[in-house]
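S.K.: Before anything else, here's the structure in question.
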Amino acid sequence: MIKKNEEYVIKIIDNGFQGEGIAKINDVTVFIPNAVKDEKIKIKILKVNKTHAYGKIIEIIEPSENRIVSDCKTYLRCGGCSLRHVNYEKTIEMKKSAVENTLKKTLGKEVKISDVIKMENPYFYRNKLQYPIGVDENENPVMGVFAERTHTIIPTDNCSIQNRLSQKIANDIFSYICDNKISVYDELKLEGSIRHLIIRIGIKTNEVMITIVSNTSEIKNEKELVSYITKKYPEIKTIAKNINSKNTNVILGNQTEIIYGDGYIYDILGNFKFKISPMSFYQVNPIQTEKLYNKAVEYAELTGNETIFDLYCGIGTIGIFASEKAKKLYGIETIKEAIEDAWQNAEINNIKNAEFFVGDVEKTLPEFIKERKILADVIFIDPPRKGCDKTALDTILNIEPKKIVYISCNPATLARDLKILEEKYEINDISICDMFPFTHHVECVAVLKLK
């Protein structure tokens, strides 16, 4: 039996879903972060459970041909880009294999990924920077990213997946905060002001929106800060102040005040223009999003005569993409501000055949069908990481649309929901889109046909 703190020389036999290396010691499965398949390494055992153990690399004896020197000094601590040490082509193979293994485990059969949508330039792709601001152990202001599984902030002034302009603006705002001694949030004392900085950029329009999340309703030198940063960066179209005074891991509070500009920016996806406000969900990699949505619409095989439902529709992006090839579009989303944006996005793009409704999908969808007596020919689903609610899936099974196009950011919940839908549907095809290069995350799109 293996023991904690013991050292072993092992061979990595595979990689897991989060990119971790997998080895066997005396028939015990050991997971080792940042190890790559086929490597020979020396490890130290950190934790032993009944069925498996965890270790860390002490020495890489024989590195994999797919290992590269990371271009980031913080990735080992932040845990965001867990595949930063692997060449890009290999990360794609790892993600494809991980998704296929997850599907096989849940569905009990082989399900092959037919298409892998890679990113041509997998760097500086995020259109949304989200940095916590707080104090370090010496009570000095610090801005960056949380160390993995902690609330310790790692100072970050350069990240290879964040948009360059967003980072420049963030660094300048933080410098202004420090130079002018504007108070920042102390999570232990539950006092201080600025606790998060969120910067969103329209990749195609270059319009910038800033949201300053504050523990207090008043921020010292607020007007001067706004004046300073907007003069330096004319790309900034709007600045919002969000008040979050709760002791919580949730970043945004319920109260948002626009302190500069109109409260929104625009971006362009495909042939469509989209309005984005501070509370709206918008995919963080629009270059890949455009490819993903084109694949989803291609899967739907719309002829122009279909009624389509867009569930968890956000600001209406997928539905609007599909609307020009459909007869009628109905979208449902729980966030009120997102639905307001969806209506305006339909208007901006001269979409006349769309309607959007506020509500939880599991509750609103059955009510909508009962009251309106409208059934869908095709349903697009793009739920949060937790997947679809069972009530929503049951409703879909009851109304029997000809096709379901399911977009998912979590292969585990996708597999779980596909198993339920297989009662009446067959999985026709699945593709993956590398929306988050060098992280273990992957976006999937599946198309199901009514049996």
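S.K.: In terms of modelled amide H atoms, which long-range or inter-chain residues lie less than 5 Å from the amide H of T29?
M.R.: A53
S.K.: So the label point goes 7 Å from the Cα of L107 along Cα→C-beta, right? Which residues of region 386-408 then have their backbone N under 14 Å from it?
M.R.: Label zone hits: 404-408.
S.K.: Along the Cα-to-Cβ line of S175, 7 Å from the Cα, sits a label point; which residues in region 191-206 have backbone N less than 20 Å from it?
M.R.: It comes to 197-200, nothing else.
S.K.: How far, in nm, would the chain grow between E235 and N247 when pulled straight, counting 0.36 nm per residue and subtracting the alpha carbon separation?
M.R.: Residue separation times 0.36 nm, minus the Cα-Cα distance, leaves 1.0 nm.
S.K.: So how far apart, in nm, are the two label points at K419 and D157 if each is 7 Å from Cα heading toward Cβ?
M.R.: Here the modelled spin labels are 5.0 nm apart.
S.K.: At a 10 angstrom cut-off on C-beta neighbours, averaged per residue, how do the peptides 226-237, 169-180 rank from highest to lowest?
M.R.: The most tightly packed comes first, giving 169-180, 226-237.
S.K.: Oh, and also: So for each of 136-149, 203-216 I average, over its residues, the number of other beta carbons within 10 Å; can you give me the resulting order with the highest mean first?
M.R.: Output ranking for 136-149, 203-216: 203-216, 136-149.
S.K.: Still on this model: In region 401-451, with Lys and Arg counted as +1 and Asp and Glu as -1 at Cβ, which of these residues, H441, L414, Y425, has the Cα nearest the positive end of the dipole, that is, farthest along it?
M.R.: Y425
S.K.: If you plug each phi of region 11-17 into the Karplus form 6.51 cos²θ - 1.76 cosθ + 1.60 with θ = phi - 60°, what whole-Hz ³J(HN,Hα) values come out, in order, with x for Gly and Pro?
M.R.: Whole-Hz 3J(HN,Hα) from phi for region 11-17: 10, 7, 9, 6, 10, x, 5.
S.K.: If the label point is 7 Å along Cα→Cβ of K336, which residues in region 351-383 have backbone nitrogen under 14 Å from it?
M.R.: The answer is 358-360.
S.K.: Within the set K105/K451; K118/K390; K56/K90; K95/K246, which residue pairs have Cα atoms separated by over 25 Å?
M.R.: Correct reply: K118/K390; K95/K246.
S.K.: What do you get for Rg/Rh of region 299-368 when both radii come from the Cα atoms and Rh is the Kirkwood radius? Provide the component values of the computation, followed by the final result.
M.R.: Values: Rg = 11.3 Å, Rh = 11.8 Å.
Reported Rg/Rh (Cα atoms, Kirkwood Rh): 0.95.
S.K.: Return the distance in nm (one decimal) between the two label points of a simple spin-label model at Y8 and N138, each offset 7 Å from Cα along Cα→Cβ.
M.R.: 4.2
S.K.: Rounded to the nearest 0.05, what FRET efficiency do K47 and I348 give with R0 = 35 Å and r taken as the Cβ-Cβ distance? Could you check?
M.R.: 0.10
S.K.: In vacuum, with every alpha carbon of the chain counted as one equal point scatterer, what does the Debye formula give for log10 I(q)/I(0) at q = 0.13 Å⁻¹? Two decimals, please.
M.R.: -1.27
S.K.: Follow-up question, since we're still on this one. Express the carbon and sulfur contribution to the solvent-accessible surface of the chain as a percent, rounded to the nearest whole number, probe 1.4 angstrom.
M.R.: Exposed carbon and sulfur together represent 48 percent of the surface.
S.K.: Another question about this same structure. For a distance above 26 Å, tell me the whole-number percent of Cα pairs in region 132-291 that qualify.
M.R.: Summing the P(r) of region 132-291 above 26 Å gives 25 percent of all pairs.
S.K.: With only alpha-carbon atoms counted, please give the Rg and Dmax of region 27-117, in Å.
M.R.: Rg then Dmax for region 27-117, in Å: 15.1, 41.
S.K.: Return the long-range amide H neighbours of I58 (sequence gap of 5 or more, or a different chain), with a cut-off of under 5 Å between placed amide H atoms.
M.R.: Sorted by chain and number, the residues that satisfy this are K42, I43, K44.
S.K.: Further question on the same structure: Find the centroid of the Cα atoms in region 317-381 and in region 97-176, then give the distance between the two in whole Å.
M.R.: What the calculation gives is 30 Å, centre to centre.
The values are calculated or read from the model by the stated rules, or taken from the named source; none is laboratory data. Worth saying up front: this structure is predicted, and the values here are computed from it rather than measured. Glycine also receives a Cβ, built like all others from the backbone with ideal geometry; neighbour counts cover every protein chain displayed. What goes into the accessible areas is simple: the full protein's heavy atoms, side chains included, and nothing from ligands, DNA or RNA. Shrake-Rupley method; radii C 1.70, N 1.55, O 1.52, S 1.80 Å.
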